[in-house]
Amino acid sequence: MHFAQPVGADTLGLWKHSCFSDKKDPDEKIQILWPVQDKEPSSVACTELLKKSDWVLVMYDDYWWPGVVEDIDDKYLYLSFMKPVGKNKFSWPHIPEKDKILKKNILTKLEKAPSPINSRGHFSLPMEEEKKIEDIIDVLGLV
């Protein structure tokens with residue numbers, strides 16, 4: 001079981017919780033892009049930290065999609081998306097998948113971009129990014 005608690009204005013601390021644990025420091029910290037008290041985010045905190053070429057994560061149709069920021073305006077991020085082809089496996093679509101996404105629909109900024117894993121054009125995220133994503137989705141109860 002995980003226990004989550006804000007540890008800063010834009011950071012959520014995660015503890016691998018047990019009734020015998022009295023740890024004061026979290027096992028992991030996750031940067032969040034909206035106020036923790038909002039179940040459905042109505043505004044995004046920290047979007048000023050996002051810039052062109054940053055990688056972000058968006059939830060769509062019960063699946064998370066990595067996208068790279070191509071442009072930013074007051075309300076939207078303009079992203080190019082990779083398509084999922086398996087668990088933590090993505091590829092660039094033949095026809096570019098681009099969309100504008102409300103800033104409030106961004107789950108998190110990815111610290112590391114997907115990297116190639118084979119010669120067929122498949123990419124995956126590093127294990128630490130995949131774990132962070134699973135923790136965010138679990139804590140927010142998204143799937």
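For region 54-140, the square roots of the Cα gyration tensor eigenvalues, ordered a ≥ b ≥ c, give a/c of at least 1.5 with a/b no greater than b/c, which places it in the oblate category. Working note: Karplus 6.51/-1.76/1.60 with θ = phi - 60° gives region 72-89 the couplings 9, 10, 4, 10, 10, 10, 9, 10, 9, 9, 8, 9, x, 10, x, 5, 6, 9 Hz, where Gly and Pro are set to x.
Couplings 3J(HN,Hα) for region 99-110, derived from phi with the Karplus relation 6.51 cos²θ - 1.76 cosθ + 1.60 (θ = phi - 60°), are 7, 9, 10, 4, 4, 5, 8, 7, 6, 6, 8, 8 Hz, where x marks Gly and Pro.
Bear in mind that the values in this text are calculations on the coordinates, not laboratory data. Given the structure is predicted, the values throughout are model-derived calculations rather than measurements.
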